[in-house]
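Student: Right, I'll just put the structure down here and ask away after.
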Amino acid sequence: MIFQIRTFLFGSKIRNKFIFFFIILACVPVLVLGGTTLYFVDVAHRQDVSNLELQIIDQKIEEVESFFENTLGVLEIQVEAIETPVGSSSPWEPFLLENILESNPAFKEIAFIDTGGQESAKKSRFNDTPQLLYVKDLSSFQTAIQGRRYIGEVYFTLQGPMVTVAAPIVVNGVIAQVARAEVNLSSLLRSIATAKIGSEGRMLLVDRNGVLVSDQGSADVPPGTNILLWSRVFRVLAGETLTGLAARDRYESLFTSEAVVGAGKQIPDIKWALLVEWPISDADAVVSNIRNQILLITIVSIIVVLLVAPLFAARLVQPIRTLERRAKEIEQGEFGKQVEIKTGDELEELGGAFNKMAKGLKRLEELQEEFVFVAAHELRAPVTIIKGYVSMALEGDAGPVKGQMRKFLSQTQAANDRLLQLVEDLLQVARSEAGRITIEVKPLDIRKPTQETINQVQQLAKEKSIVVRYDAPSSLPNVLADERRITEIMMNLAGNAVKYTPEGGHVEISHVGKNNKVITSVKDNGFGISEEAQKKLFEKFYRIQTEKTKDISGTGLGLFITKEIIEKMNGKIWVTSKEGQGSTFSFSLPVAGDKPPVPQKSRTT
Amino acid sequence: MLKYIVLVLVIILSTLAVLYFRVGVSRIYEEPVNTKAAVHIYGNPEQSIERIHITGLYFIPRDNVELGDERWYETLEQVLQKLAEFHKVQFMGTSQVTYTIIPTPIVGLSESRVYGTDVVYFGNPSEMKFIVEELKNSPFEEARTALQNLGNGSRQYEVVVVMYEGVGAASAENVSLISRLFLTGPQFKDFGTTYLAHEFYHSLEVPEGYIEAERSFADNQKIEVEALSSPDVMGRIRVPIEQSYLSRETLSNMGL
């Protein structure tokens, strides 16, 4: 099965070429275009991701700065309207504080502090009578009393993250007091939590000390954790902007251990940091889709090519194979068949030209056969006359012949005999190819013509001290054959065996009945025949040319004629031989049945 | 030819593999992982406070038995629960507080004047020693065990919280004492837990967040005040526990 599939798919070189080039033509453009597209889409996409992240960060920076600006602005603006003697508290302060608390829900506690560090008024949402404290040593007071705004560290209470802010209260250009407030960051963090980055992104707010403020942490890194050691936080707090485009901006998240793309910026006014993380599986979904599509298209293309290319190739290969088969038939001498190629293209034209060529070759062969027949026929008469007169001369009918004359005449006679044999053989071949040869098959005991042949061959064999053995079986079925032709065949095979066996050798002839046939074998221990020569042995005019056989005469037509005759009698002939070890020529003939034989006529031309 | 087809297919599949695994695929960097903090008592990394166990008890001097609060258990439990929540938030889950309450009030062998907690309104730890000594020999096994394992339990850090039927708040030798009045009195109860937290963190060696200072006025008048050195629970006590916190500096000195 595998072999058949392999043969079907790859059993043709043109088909293989088709498949090869189809695959290249189908897949290479997809790969090149797809890869290029993927690369540039990825580059553009990364830029888009970066832009989106930075845009969101900028948006939230604005919100955070606005939050603190408003918070501190409230402290500054409101209180600047008051003229308060330094060192004493105004009766308006509690009402003012009350007002501030009411209008600013993020404020949880607010206090005024005199220049000595003593809280002069305080309002708290948790306590109706908050304790007034001496806060001279607190950094919030010390910063604000020097005229600077103060934003403290974020601390975490049971009600959420808070931060202490403080601002100087300037009256007539002099710092008269400090306003200090505890501000709840929950509203700010809720705003940060609403930042949408894809479907799974997160935003992180980190204070200037590296403490995670936003509540989008994780169980391992909860809000309040100091993550300053995380290089990204450290760099952003140091003022560096992380754009999300650098290679290191794609990393394993500290919070979820999944791959994310991150960006970050410092909030300039308060020196806090805002970072975003966007899971790469979400951020790069579009790029992944493109990549998967390219993969799918390429694989589908390969499969389609592997399925379709053999079909295309078959359409081209089939006419070529037809031409190939027809050429082989012509080589075997069959000129009659026509090729039918209906492809409507150059292949059909080629088929037409091929048919014309076959017709031409057929005509040529017919002319050749006719020539050979006519030439042989015309030659026969003068050659026969020459034979007659030379024989009569040698017999002395024209006077005594001796010495040199006899020698010349003997050689002439021998040469004429060879010529006559050649003419006879040519005539026979011509008759056979012209279909004029007559074969009359009838039930025949093959032992009789075989014995007659041996009697004729014995003389030749004795000259070379070759032993001819014939073990005729006691019973042998009759064969359907022409007796005269059998004699010719046996003479040819036995004669060849004696010719091609050196002195002292032997020739054995035997018969065996098998599978409704009688096989006759002529075996010798002569020179043997090479495998190469065996392939051409039955061709016209072929003679084995070796050192040992070059002096052996022959026309090269004997085996050809023998094969023709045997095949006309529905038989087969073959040879088994090994160079230097002799040969065995065998032929089979059908056993004669009960029905009377039908005379075999030659085929009409 | 077949080998060329195979070669081309191999090249194509290799290219596909490169496309799929390399082009447009991010190389992921591993950032250094934050190691979990090893929290400890203030300034002493050798003593872990990953797990803290509080043994709560109600101590009544012999002469104050009639003043005893019937609902003392619920009060103490609520306060300890709140303290545990506060502690969890401050330490972000790296330190866990659990507690057990001795179910029976412990009546002292002496009168309140002997225990001298009257003068510990602002914390006078040295006067608590009588209570501590008596608890060490208490007929209650839980109290004795708790006092014996103070500070250096093998699996958890042991602290005793004494709700005292009397006046005062103090902390000494891992024993935190707080007046029941601070927890139930109407003028104190809003920040009673904060009081307790303040004393509790003293038992974790956290220093005071205020100092005695002198404030001068223009007329050269000087008065003694308590100056806040830390606005957190160690400095500001009179705030509800929901508003209170531990400062970053304190947490840093405790391993965070």
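Student: Suppose the filter is assigned to a helix (DSSP H, G or I) and among the acidic types (D, E); does A:E424 pass it?
Tutor: yes
Student: While we're looking at this one, here's another question. Within the stretch B:63-85, does at least one residue satisfy the condition of being at the interface with chain A (Cβ under 9 Å from one of its Cβ atoms) and closer than 30 Å to A:R232 by Cα?
Tutor: No.
Student: Quick check: is even one residue across the stretch A:319-337 touching a helix residue (DSSP H, G or I) at 6+ places or on another chain (Cβ under 7 Å), without any contact (Cβ under 8 Å) to a residue 24 or more places away in the chain and over 30 Å from B:I5 (Cα atoms)?
Tutor: Looking for residues that are touching a helix residue (DSSP H, G or I) at 6+ places or on another chain (Cβ under 7 Å), without any contact (Cβ under 8 Å) to a residue 24 or more places away in the chain and over 30 Å from B:I5 (Cα atoms), one finds at least one in the stretch A:319-337, hence yes.
Student: Filtering the stretch A:491-513 down to residues that are outside any helix (DSSP H, G or I), touching a Ser or Thr at 6+ places or on another chain (Cβ under 7 Å) and not polar (S, T, N, Q), which residue is most open to solvent (accessible area, probe 1.4 Å)?
Tutor: In this case the residue turns out to be A:E503.
Student: Can you tell me how many residues within the stretch B:237-246 are more than 7 Å from chain A (Cβ to nearest Cβ) and open to solvent by 10 Å² or more (accessible area, probe 1.4 Å)?
Tutor: 1
Student: Of everything in the stretch B:199-234, what is at pLDDT 85 or above and either within 16 Å of B:K82 (Cβ to Cβ) or at the interface with another protein chain (Cβ under 8 Å from one of its Cβ atoms) (or both)? Give them in sequence order.
Tutor: B:E199, B:F200, B:Y201, B:P231, B:D232, B:V233
Student: Within the stretch A:149-188, which residues are closer than 22 Å to A:V236 by Cβ and away from every other protein chain (no Cβ under 14 Å)?
Tutor: Answer for the stretch A:149-188, where residues must be closer than 22 Å to A:V236 by Cβ and away from every other protein chain (no Cβ under 14 Å): A:R149, A:L188.
Student: Of the residues that make up the stretch B:33-51, is at least one surrounded by fewer than 13 Cβ atoms within 10 Å (Cβ to Cβ), more than 30 Å from A:S218 (Cβ to Cβ) and at pLDDT below 85?
Tutor: There is no residue in the stretch B:33-51 that is surrounded by fewer than 13 Cβ atoms within 10 Å (Cβ to Cβ), more than 30 Å from A:S218 (Cβ to Cβ) and at pLDDT below 85.
Student: Next question, about the same structure. So, of the residues in the stretch B:1-32 that are facing another protein chain (nearest Cβ under 7 Å) and of a type in the set (V, I, T), which turns out to be nearest to A:C27 (Cα to Cα)?
Tutor: So, considering only residues that are facing another protein chain (nearest Cβ under 7 Å) and of a type in the set (V, I, T), the one nearest to A:C27 (Cα to Cα) is B:I12.
Student: Sticking with this one: Filter the stretch A:33-50 down to residues that are under 20 Å from A:L296 (Cα atoms) and facing chain B (nearest Cβ under 9 Å), then give me how many there are.
Tutor: Of the residues in the stretch A:33-50, 6 are under 20 Å from A:L296 (Cα atoms) and facing chain B (nearest Cβ under 9 Å).
Student: Any idea how many residues of the stretch A:453-487 are over 22 Å from A:N525 (Cα atoms) and part of a helix (DSSP H, G or I)?
Tutor: Matching residues across the stretch A:453-487 total 5.
Student: State whether one or more residues within the stretch A:425-442 are open to solvent by less than 20 Å² (accessible area, probe 1.4 Å) and over 30 Å from A:L367 (Cβ atoms).
Tutor: Taking every residue of the stretch A:425-442 in turn, at least one turns out to be open to solvent by less than 20 Å² (accessible area, probe 1.4 Å) and over 30 Å from A:L367 (Cβ atoms).
Student: Counting only residues that are assigned to a loop (DSSP other than H, G, I, E, B) and among the acidic types (D, E), how many does the stretch A:518-560 have?
Tutor: Looking only at that region, the number is 3.
Student: Any idea which residue in the stretch A:148-177 is modelled with the highest pLDDT, counting only those that are in contact with a helix residue (DSSP H, G or I) (Cβ under 7 Å, 6 or more places away or on another chain) and open to solvent by 60 Å² or more (accessible area, probe 1.4 Å)?
Tutor: A:R149
Student: Among residues belonging to the stretch A:449-472 that are modelled with pLDDT of 90 or more and under 13 Å from A:V518 (Cβ atoms), point out the one that is farthest from the chain's Cα centre (by Cα).
Tutor: A:P449
Student: Within the stretch A:189-210, how many residues turn out to be in contact with a Phe, Trp or Tyr (Cβ under 9 Å, 6 or more places away or on another chain) and open to solvent by less than 10 Å² (accessible area, probe 1.4 Å)?
Tutor: Total satisfying the criteria: 6.
Quick grid of which residues meet (1) of a type in the set (S, T, N, Q); (2) within 21 Å of A:G73 (Cβ to Cβ):
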position	(1), (2)
A:R125	no, yes
A:L138	no, no
A:R148	no, yes
A:T157	yes, no
A:A179	no, yes
A:G198	no, no
A:R208	no, yes
A:V221	no, no
A:W230	no, no
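Student: Here's a check for you: in the stretch A:107-127, which residue that is open to solvent by 20 Å² or more (accessible area, probe 1.4 Å) and within 17 Å of A:M162 (Cα to Cα) is farthest from the other protein chains (Cβ to nearest Cβ)?
Tutor: Among them, the one singled out is A:K123.
Student: For the stretch A:434-452, what are the residues that are outside any loop (DSSP other than H, G, I, E, B) and polar (S, T, N, Q)?
Tutor: Scanning the stretch A:434-452 gives A:T450, A:Q451.
Student: Where in the stretch A:244-285 are the strands (runs of 3 or more DSSP E), entirely inside, with at least 2 residues that are more than 9 Å from chain B (Cβ to nearest Cβ) and open to solvent by 30 Å² or more (accessible area, probe 1.4 Å)?
Tutor: The strands (runs of 3 or more DSSP E) meeting that bar are A:259-267.
Student: Over 22 Å from A:K462 (Cα atoms) and part of a strand (DSSP E or B): is that true of A:S588 in this structure?
Tutor: So A:S588 fits the description; yes.
Student: Name the residue that is modelled with the lowest pLDDT, counting only residues in the stretch A:44-74 that are aliphatic (A, V, I, L, M) and more than 12 Å from A:L274 (Cα to Cα).
Tutor: A:V74
Student: For the stretch A:128-147, what are the residues that are at the interface with chain B (Cβ under 7 Å from one of its Cβ atoms), open to solvent by less than 60 Å² (accessible area, probe 1.4 Å) and not hydroxyl-bearing (S, T, Y)?
Tutor: The answer is A:L133, A:V135, A:D137, A:L138.
Student: Take the stretch A:189-243 and flag every residue that is of a type in the set (A, V, I, L, M, F, W, C), part of a loop (DSSP other than H, G, I, E, B) and within 10 Å of chain B (Cβ to nearest Cβ).
Tutor: A:A219, A:V221, A:I227, A:L228, A:L229, A:W230
Student: For B:V206, only one of the following conditions fails: (1) surrounded by 24 or more Cβ atoms within 10 Å (Cβ to Cβ); (2) outside any loop (DSSP other than H, G, I, E, B). What is its number?
Tutor: (2)
Student: While we're on this one: Can you confirm whether A:I302 is in contact (Cβ under 8 Å) with a residue 12 or more places away in the chain and at the interface with chain B (Cβ under 10 Å from one of its Cβ atoms)?
Tutor: Judged against the criteria, A:I302 is a match.
Student: Could I ask something else about it? Name the residue, out of B:V65, B:V89, B:V79, that is of a type in the set (A, V, I, L, M) and loosely packed, with under 14 Cβ neighbours inside 10 Å.
Tutor: Answer to the selection: B:V65.
The values are calculated or read from the model by the stated rules, or taken from the named source; none is laboratory data. Here the structure is a predicted model, which means the values were calculated and not measured. Counting neighbours? That spans all protein chains shown, and the Cβs are built from the backbone with ideal geometry, glycine included. Accessible surface areas use protein heavy atoms only, side chains included; no ligands, DNA or RNA. Shrake-Rupley method; radii C 1.70, N 1.55, O 1.52, S 1.80 Å.
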